Amino acid sequence: MDTIAARFQLNWPGFQLDVDLNLPGRGVTALFGHSGSGKTTLLRCIAGLEHAPRGFLSFKGEIWQDATTWVPTYRRPLGYVFQEASLFPHLTVLGNLRYGLKRIAAAERRSLEQAVELLGIGHLLARKPERLSGGERQRVGIARALAVNPRILLMDEPLAALDLKRKQEILPYLERLHDLLEIPVLYVSHAPDEVARLADHLVVMDGGLVQASGALMETLARLDVPIRLGEDAGVVLDATVAERDAQWQLARVDFAGGSLWSRDRGLALGQHVRVRVLARDVSLATKHQENTSILNLLSGKVDAIADDEHPGLALVRVQIGEAVLLARVTKRSAAALGIALGQQIWVQVKSVALME
């Protein structure tokens, strides 16, 4: 069994947690939701920092908690990254990295050099924490969690305490973790850009309950429980930079179903990117439009229609090759166009967001 099975119930004054999840044993699983939704409490239950009396936790077939078993936190092979790095101020970066190694056997230790290289902190080893920026401290905190050779990495909003500049500084390192680590990562966040960039699997929480759980791209495309990753419904596509138009400062990205043009951000040809397309930026037409300012015109087939939050609006899901897009239209427009399941339709995408 290469999965993580977690069932927890907590009943506190003003808050209840009730989850039953099977999570993948590899890749990044994002626990997403508003503050107070139960994300961090769930993470702490998995770490053993909160004890749900009737809980159950199985990690790849190993029971960490059930009616008769309780594996304490220090015996769970995990690394934990908090919102604040919480480094020991009297130790250098190297001293902080070595500190956690005392509790594990030498044969099980991940080489410090590997963690240092992965997080790009080799030039910081002799510094004390007071001489580090917020982003540097957090990179050290992540390296410290990796140095103990964990079998799972838990990250509790690791970028929440950073300003936008520091967040942009550290995101490429988190993407390296995504690409290179073979262990599962549980990543708590309420930031849509982080989730869209990093996650493979998405768990959406609200009020201590799981609203939806599944592969990121499939979950975002669901219409039975429309997920708003931030301000609006939308999808995330895997794509590759295929062309750069130097004259007009545009880049073309190809995905499994077509191509989209976006502003050129200097990305290399062949580079893998994720593309986020919001429903509000997608319109529909029954015929190919010739005279339009919209560059992205795609042919697809309507495969689902659902009511939106406002009674005058609808969400339409369109299959385009192996991918799907969501469009928000007024019900009046949908009726005028005769939009129906199975209908061939033209999709017009006004704007896309590229995430490296």
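Here, each number is a calculation from the coordinates, and none is a lab measurement. Bear in mind the structure is a predicted one, so any value in this text is a computation, not a measurement. For neighbour counting, all protein chains shown are included, and Cβ atoms are generated from backbone atoms with ideal geometry for every residue, glycine included.
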Original post:
Once amide H atoms are built 1.01 Å from N in the peptide plane, which residues 5 or more positions from Leu229, or in another chain, come under 5 Å H to H?
Top reply: Gly234
**OP:** Return the long-range amide H neighbours of Asp206 (sequence gap of 5 or more, or a different chain), with a cut-off of under 5 Å between placed amide H atoms.
**Re:** Gln211
Original post:
Over all distinct alpha-carbon pairs, what is the Kirkwood Rh of the stretch 193-292 in angstrom?
Top reply: 15.4
**OP:** Counting other Cβ atoms within 10 Å, keep those with at most 16, restrict to DSSP loop, and tell me which GluC sites (Glu not before Pro) in the stretch 201-270 are left.
**Re:** Glu231
Original post:
Give or take rounding to whole Å, what are the principal axis extents of the alpha carbon atoms in the stretch 234-355, in descending order?
Top reply: 43, 28, 24
Original post:
For the stretch 1-63, what are the per-bin percents of Cα-Cα distances with bins 10 Å wide, up to the bin holding the maximum?
Top reply: 21, 55, 22, 2
Original post:
What list of ³J(HN,Hα) values in whole Hz, one per residue of the stretch 296-304 in order, does the Karplus curve 6.51 cos²θ - 1.76 cosθ + 1.60 (θ = phi - 60°) give from phi, with Gly and Pro shown as x?
Top reply: 9, 10, 10, 9, x, 10, 5, 10, 6
Subject >> the chain: relative contact order as a whole-number percent, Cα under 8 Å and 6+ apart >> reply: 16
Subject >> Pairs of Lys in the chain closer than 28 Å at Cα, counting only those 8 or more apart or on different chains >> reply: 15
Subject >> Ellipticity estimate at 222 nm from DSSP helix runs (n ≥ 4, -39,500 (n - 2.57)) divided over the chain, nearest 500 >> reply: -6000 deg cm²/dmol
**OP:** Pull up all non-local amide H partners of Val81: gap of 5 or more, or a different chain, and H-to-H distance under 5 Å with H placed in the peptide plane.
**Re:** Leu154, Met155, Asp156
Original post:
Across the stretch 305-312, in residue order, what do the Karplus-derived ³J(HN,Hα) couplings come to in whole Hz, using 6.51 cos²θ - 1.76 cosθ + 1.60 with θ = phi - 60° and x for Gly and Pro?
Top reply: 9, 8, 5, 9, 5, 8, x, x
Original post:
Which peptide among 308-320, 140-152, 2-14, 39-51 comes first, and what is the full order, when sorted by highest mean count of other Cβ atoms within 10 Å?
Top reply: 140-152, 39-51, 308-320, 2-14
Original post:
Kirkwood hydrodynamic radius (Cα pairs, Å) of the chain?
Top reply: 22.2
